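Colleague: Okay, handing you the structure first.
The values are calculated or read from the model by the stated rules, or taken from the named source; none is laboratory data. Predicted model only: the values in this text are computed from it and were never measured. Using ideal geometry, Cβ is built from the backbone for each residue, glycine included, and neighbour counts are taken over all protein chains shown.
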Amino acid sequence: MTRQRYQALMEFWAKQPGLGRLVSRVASLLTGSVYLGYTLALGILALGRDPRLIRMTLVPLVVFLGGTALRRAINAPRPYEVYGIPPLTHKDTKGQSFPSRHVFSAGVIAVGFAWLCPAWGWAAFLVAGAIALCRVLTGVHFPRDVLGGLVLGAGAGWLGFFLI
């Protein structure tokens, strides 16, 4: 997005503070729901002594570590750094914008859920998409960051869950 679009978006949130707080809160709740769902899935697998627990643990871990290393290596600036426009959600991290860690984590977890139960996977992909949208709307990521995160997380998850 361009400077003008980010500026217009942040001005809109400034004129609609209640709506801005709602978007920030929804973004946090969506992210929390992915991690809570993932933790619950691991707990269910562990309690049932399900052998899929190992893969459901290792694939997201490897993707998380690899994606984090990629972010550090690329060290792309965030919209608020590039344009000097404060984000809706307080954030002072410098760089490491591409790929979005929230989104690649949600993407790999969604594929893991699809591997366990397709209906869970579809629901988790909808949540991952909503997280991606929120990360852009709050001004902490560019669209390329979240799209790259979703492709990286889902692609690596697909390899780890369905091909290996």
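Colleague: Here is a list of conditions, (1) surrounded by 18 or more Cβ atoms within 10 Å (Cβ to Cβ); (2) over 19 Å from A27 (Cα atoms); (3) of a type in the set (S, T, N, Q), and S100 meets all of them except one; can you say which number that is?
Modeller: Exception for S100: condition (2).
Colleague: Filter region 92-112 down to residues that are of a type in the set (G, A, S), within 13 Å of the chain's Cα centre (by Cα) and over 13 Å from F142 (Cβ atoms), then give me how many there are.
Modeller: 4
For every residue, the table says whether it meets (1) more than 18 Å from D145 (Cβ to Cβ); (2) at pLDDT 95 or above; (3) among the basic types (K, R).
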position: R21; (1), (2), (3): yes, no, yes
position: L29; (1), (2), (3): yes, yes, no
position: A69; (1), (2), (3): no, yes, no
position: F98; (1), (2), (3): no, yes, no
position: H102; (1), (2), (3): no, yes, no
position: V108; (1), (2), (3): no, yes, no
position: A114; (1), (2), (3): yes, yes, no
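Colleague: Could you please find all residues in region 138-161 being surrounded by fewer than 21 Cβ atoms within 10 Å (Cβ to Cβ) and either in contact with a His (Cβ under 7 Å, 6 or more places away or on another chain) or farther than 18 Å from A69 by Cβ (or both)?
Modeller: Within region 138-161, P143, R144, L147, W158 meet the criteria.
Colleague: Count, please, the residues in region 36-77 that happen to be under 21 Å from V140 (Cβ atoms) and in contact (Cβ under 8 Å) with a residue 60 or more places away in the chain.
Modeller: Summing the residues that are under 21 Å from V140 (Cβ atoms) and in contact (Cβ under 8 Å) with a residue 60 or more places away in the chain in region 36-77 gives 4.
Colleague: Somewhere in region 96-114, is a residue free of Cβ contacts under 8 Å to residues at least 40 places away in the same chain and out of contact with any helix residue (DSSP H, G or I) (no Cβ under 6 Å at 6 or more places or on another chain)?
Modeller: Residues of region 96-114 free of Cβ contacts under 8 Å to residues at least 40 places away in the same chain: 96.
Now narrow it down to the ones that are out of contact with any helix residue (DSSP H, G or I) (no Cβ under 6 Å at 6 or more places or on another chain): none.
Scanning region 96-114, I find no residue that is free of Cβ contacts under 8 Å to residues at least 40 places away in the same chain and out of contact with any helix residue (DSSP H, G or I) (no Cβ under 6 Å at 6 or more places or on another chain), so the answer is no.
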